[in-house]
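S.K.: Before I ask anything, let me first share the structure, which is written out below as structure tokens.
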Amino acid sequence: MAESKIPTYQTAANVLSLKTGSGAKMVGWTVARTLLIAPPMMLFGVPARQAWLGASAASILISTFAILRIFDAKHTGLAGRNTPRRVMTVRRRA
């Protein structure tokens, strides 16, 4: 599979590969994303408690969907992205 430029997907792939420390990195990305989502919500009038709960829920869902997408790569078509394409040849009868 191609190296993803999105850190969440790289980390999700590492989690599924059982690489050491990848779970902690995934939790770190989830927390960092929460910290980026909640403050703008509060700027637009969402109460702080709701903003943090909503941002946490959204971030956890994003991380979960990233893991599920990488896990299910065979069915999404992502697994065959870097494989050489088969070239169809036309065989002529003699």
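Coordinate-derived values only; no laboratory data. If you're wondering where the values come from, they're calculated on a predicted model, not measured in any experiment. A quick note on method: Cβ atoms are made from the backbone with ideal geometry, for glycine too, and the neighbour counts reach across all protein chains shown.
S.K.: In what sequence do 15, 31, 46 fall when counting other Cβ within 10 Å, fewest first?
M.R.: Fewest-to-most Cβ neighbours within 10 Å comes out as 31, 46, 15.
S.K.: Right, another one. Tabulate in residue order the Karplus-calculated ³J(HN,Hα) for the stretch 58-69, using 6.51 cos²θ - 1.76 cosθ + 1.60 with θ = phi - 60°, rounded to whole Hz; enter x for Gly and Pro.
M.R.: 5, 5, 5, 5, 4, 5, 5, 5, 5, 5, 5, 5
S.K.: Describe numerically, in nm with one decimal, the distance between label points set 7 Å from Cα along Cα→Cβ at residue 36 and at residue 17.
M.R.: With each label placed 7 Å out from Cα toward Cβ, I get 2.2 nm.
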